[in-house]
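K.L.:
Here's a structure for you.
The values are calculated or read from the model by the stated rules, or taken from the named source; none is laboratory data. Every value quoted in this text rests on a predicted model; they were computed, and no experiment measured them. Glycine also receives a Cβ, built like all others from the backbone with ideal geometry; neighbour counts cover every protein chain displayed. Note: areas computed on protein heavy atoms with side chains; ligands, DNA, RNA excluded. Shrake-Rupley method; radii C 1.70, N 1.55, O 1.52, S 1.80 Å.
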Amino acid sequence: MYLALLVIFLQCSELYSQKRVFTFNTVDIKVQPSVKVKNGAPLSITCHADISKSTDFQLKHNFTVFKDGKLVFMTVSDKRDARYEIPVARSSDTGDYECTVEAGGKTKSSNSLHVWVTGMTKPILTAEKKEVLEGEVVKLRCELPEEVPPLYFFFRKMKMNSTPKEKSVFESQRNFSVVEFPVEEGDNILQFDCFARRNVKLEFESSEHSKKTLVTVREPFIKPTLNVKPSSNITEGDRIQIECSTVVARMRDIEIILQKNKTILNSVRDEKLLKYSAVATLEDSGEYQCKVEQGRASKTTKLNIVVSELFPKPILAASVIKLDENKELTLSCSINGFQKANFSILRKNSNADIWLKNSKNLTMRVNVNDTGSYICKAEVKGIVKESKPVTINVYAPVSKPTLSVVSGLPEVVLGKSLLLICRSVMGTPPITFTFYKGNKIKETVVNDTYATFLDENIGQNDKGGYRCDAKNNHSSGMKTSNILNITVIVPIKNASLGSVPYGEVEDGSETVFLCSVKEGSWPIRFRIFRKTDREVLLFEKNENAHRVVWRREAMNRQDTGTYYCMASNRANVDVKSHPITISVILAAWQKGVIAAFVLILIAGAVTLTLWWLLCKKKKAKGPSMEMSGSALATNSPNEKLTRQHNDGDYYSGSGYIEGSENHMKSTDESKGPDLESAEVEYTEVEVSTLDPHRAPVQKGTETVYSEIRKANNDSVENRHSRLQGHPDAT
């Protein structure tokens, strides 16, 4: 039963939800009476929602109105329209409006609509004081209570018969502004007003002007009075007195200043009267100004004073202004139309003028030190006037100039520039120097004591003919230097190095090196170097020639290496040759000595080898020869010779000498001196080569040895019989 009720409820809910379907078609916003209304007029903004429904059912609508993105109105209604009423529109209501409608969980917004409320409210202007003193300030406040920033405020200060003065202030955060206007001299009744502007869609809109505000100005002191005595016909030498006075309401901080052409002559403080006195001169003519100041207040009175000339400035005349030394100069001082004056003539000096004479005229014989400016002074009734200066130039004659090369030596490298200097030791400047090359004027220079001339790109033919002239304003005229001849130095070109012999040199022999250049001015500095692991200077010589020869005696193995030469002259350019390689080899006699030494070594080695072989053979036949020694001791020399030729039965070798030493010693001891001498003779016998067809030597030796052992008593007889039996016994 409950399940059935649940199913019925769900079906009913589904049918109910299907019947309450709706959708927003559009949301519109409208303004009445129009999107542009005047300030103060009523304004109505209507928001309308166009909705489509599946059935006719009630729907709650939430209406929201925004201005420039800020919420200004909100309401809930079951109607499709909502109205936002503004009874009195102000400029602050200008902006972009937008309407948003929310219903049943759905939301839709209208397009933006711009509303412009034209015109601005009238600003309100207030002044902090209605009455002020000169020098103070007027503080003003301009306000638009019903407007919103940003706003531009404009203030105006107006007075009779004057153009208004205006100040502007931009306020970005507030709807009012405050400014100050200074109260100046001459201000008495002032009027002020203000207005405002705002920027709407790149257009400026202005408000009405505020009501005028009246401000009264009082003077803190009256305009000063300026008096001069005597008031007229002031002449040089008269004493003038100037007075400046005022009337003040408050004495504190008041100041009176007297000026002439912006120069302060005198001043007083906290007083009502200023006095100034002086002896009048022509320079005292001009405009005088008396100024009274207190705080910001200032008042000025001007007065023009004319001082008549008592006498004109004196005039100094010179008999001549340019003259030679030791000549006579006359200076005369005079005043046009005036004779009664005290005259003096002076010479100008940076520290103080030098007095020369109290007179109208001065005559003197001058020297160079008298060059300078001269003046004269005239005094009448205490008034002293000075003439314009007259410049006198006294000239000493120039001495004969000297022409030289700035670098010192009268020489120059080919293609380089030559700088000459012409100097005159004596002579009053300015001096005019003229340079000649040959007979052609190259340059003229005006200087004090010297001048320079640059001759560029010197050629090989530019060797002489330079001179210079010097002259000044002296009557003696021009002086000429001696002619200067220049040596043109040709730089070194193409250095080369050769040797004889070239390449390979025998040890101990002589080698000749030749270093030469293609061209270059003499003397030339030649240097020859050898380069192995380091560079070594071997030879150096200065030659007045384009080549130099160097003989190297007794070359050795240490002289092997790379050689090159360098050449230079006064052009100071080192020119290096191409390198050559020298190898020191053995001399012929050294090779012969080495060959002979090698041959001697080989011969010695062969001799030692043969001797060793001989000794070995004698060792092998040693026992037989020992036994035969005693028998031979009694034999005649003929028998010894016979035995020497018959060598078929004996084998003699080195083994006999070495291996049978002990045995032979015993034999020698038994046989005595005769046997010992026989053995010496026997050892000198050469043994012939064995016949290969005969019996082995070892057997023969053993047989003989055994026979000697058996016949020890008659060994002499056996040996004799055996020698006779040798084929060579006869």
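K.L.:
Between region 297-311 and region 397-442, what is the separation of their alpha carbon centroids in Å?
P.N.:
A separation of 63 Å, based on Cα centres.
K.L.:
Please work out the FRET efficiency for the pair SER162 and ASN336, using the Cβ-Cβ distance as r and a Förster radius of 60 Å; give the result to the nearest 0.05.
P.N.:
E(calc), rounded to 0.05, equals 0.70.
K.L.:
Tabulate in residue order the Karplus-calculated ³J(HN,Hα) for region 235-252, using 6.51 cos²θ - 1.76 cosθ + 1.60 with θ = phi - 60°, rounded to whole Hz; enter x for Gly and Pro.
P.N.:
10, 3, x, 6, 8, 10, 10, 10, 10, 10, 9, 8, 10, 10, 7, 9, 6, 5
K.L.:
Which percent of the accessible area of region 293-371 is formed by carbon and sulfur heavy atoms (probe 1.4 angstrom)? The partial results should precede the final answer.
P.N.:
On the way: 2230 of 4820 Å².
For region 293-371, the apolar C and S fraction of the accessible surface comes to 46 percent.
K.L.:
Enumerate the amide H contacts of PHE338 below 5 Å, restricted to partners 5 or more residues apart or on another chain; note that Pro and chain-start residues carry no placed amide H.
P.N.:
none
K.L.:
While we're here: What list of ³J(HN,Hα) values in whole Hz, one per residue of region 612-618 in order, does the Karplus curve 6.51 cos²θ - 1.76 cosθ + 1.60 (θ = phi - 60°) give from phi, with Gly and Pro shown as x?
P.N.:
Per-residue couplings from phi come out as 5, 5, 4, 5, 5, 5, 4 Hz.
K.L.:
Next question. With a bin width of 5 angstrom, please list the P(r) values of region 160-232 as percents of all Cα-Cα pairs, from the 0 bin to the one holding the largest distance.
P.N.:
3, 9, 17, 17, 13, 11, 9, 6, 5, 3, 3, 2, 2, 1, 0
K.L.:
Are there trypsin sites (Lys or Arg not before Pro) in region 110-144 that DSSP marks as loop and that have at most 15 other Cβ atoms within 10 Å, and which are they?
P.N.:
Here the trypsin sites (Lys or Arg not before Pro) that fit, given the DSSP loop and packing criteria, are LYS129, LYS130.
K.L.:
In this model, which of LYS38/LYS157; LYS275/LYS377; LYS327/LYS360; LYS262/LYS381 are farther than 22 Å apart at the alpha-carbon? Provide the component values of the computation, followed by the final result.
P.N.:
Values: LYS38/LYS157 30 Å; LYS275/LYS377 32 Å; LYS327/LYS360 20 Å; LYS262/LYS381 29 Å.
Going by Cα-Cα distance, LYS38/LYS157; LYS275/LYS377; LYS262/LYS381 fall outside the 22 Å limit.
K.L.:
Using the structure shown, list the pairs from LYS139/LYS299; LYS70/LYS106; LYS322/LYS442 with a Cα-Cα distance above 27 Å, or answer none.
P.N.:
Flagged as over cut-off: LYS322/LYS442.
K.L.:
Applying 1/(1 + (r/R0)^6) with R0 = 45 Å to the Cβ-Cβ distance of GLU146 and THR26, what FRET efficiency is obtained, to the nearest 0.05?
P.N.:
Working: r = 35 Å, r/R0 = 0.78.
With a Förster radius of 45 Å, E is 0.80.
K.L.:
Could you give the accessible area per residue of region 167-229, probe 1.4 Å, as a whole number in Å²?
P.N.:
57 Å²
K.L.:
Let me see the pair-distance distribution of region 221-353: every alpha carbon pair, 10 Å bin width, integer percents in order.
P.N.:
Values per bin, smallest distances first: 10, 29, 21, 17, 12, 7, 3, 0.
K.L.:
Same structure again: Based only on the alpha carbon positions, what is the Kirkwood hydrodynamic radius of region 285-411, in angstrom?
P.N.:
18.8 Å
K.L.:
So how do LYS400, LYS518 rank on accessible area, 1.4 Å probe, biggest first, that is with the largest at the start?
P.N.:
I get LYS518, LYS400, largest accessible area first.
K.L.:
Under a Cβ-Cβ cut-off of 11 Å, what is the net charge of the residues other than ILE375 that fall near it, where Lys and Arg count +1 and Asp and Glu count -1?
P.N.:
Here the count lands on +4.
K.L.:
Solvent-accessible area per residue for region 26-100 at a 1.4 Å probe radius, Å²?
P.N.:
Roughly 55 Å² per residue, with all protein chains present.
K.L.:
Could you give the length gained on full extension between THR126 and SER206, defined as 0.36 nm per residue of separation minus the Cα-Cα distance, in nm?
P.N.:
Separation in residues times 0.36 nm, less the Cα-Cα distance, equals 26.8 nm.
K.L.:
Pop out the carbon and sulfur fraction of the accessible area of region 470-587 as a percent, whole number, probe 1.4 Å.
P.N.:
Answer for region 470-587: carbon and sulfur cover 47 percent of the accessible area.
K.L.:
Hey, what do the phi angles of region 151-166 turn into as Karplus ³J(HN,Hα) couplings, whole Hz, using 6.51/-1.76/1.60 and θ = phi - 60°, x for Gly and Pro?
P.N.:
Each residue of region 151-166 in turn: 9, 10, 10, 10, 10, 10, 10, 10, 9, 4, 6, 8, 6, x, 9, 10 Hz.
K.L.:
Expressed as a whole percentage, what fraction of the accessible surface of region 188-229 belongs to carbon and sulfur atoms when a 1.4 Å probe is rolled over the protein heavy atoms?
P.N.:
Details: 1190 of 2460 Å².
Answer for region 188-229 is 48 percent, counting heavy atoms of protein chains only.
K.L.:
What is the set of long-range amide H partners of LYS442 at a cut-off below 5 Å, with H atoms built 1.01 Å from backbone N?
P.N.:
PHE435, TYR436, LYS437
K.L.:
Give, as a single signed number, the net charge of other residues whose beta carbon lies under 13 Å from the beta carbon of SER231, with Lys and Arg counted +1 and Asp and Glu -1.
P.N.:
The answer is -1.
K.L.:
Under the rule of at least 5 residues apart or a separate chain, name every residue whose amide H is placed under 5 Å from the amide H of THR118.
P.N.:
Correct list: VAL37, LYS38, ASN39.
K.L.:
Dimensions of region 337-486 along principal axes (Cα, Å, largest first)?
P.N.:
79, 26, 25
K.L.:
Another question, if that's okay. Kindly provide the trypsin sites (Lys or Arg not before Pro) of region 243-300 that DSSP labels as loop, not H, G, I, E or B, and whose Cβ sees at most 14 other Cβ atoms within 10 Å.
P.N.:
Passing sites in region 243-300 are ARG250, ARG252, LYS262.
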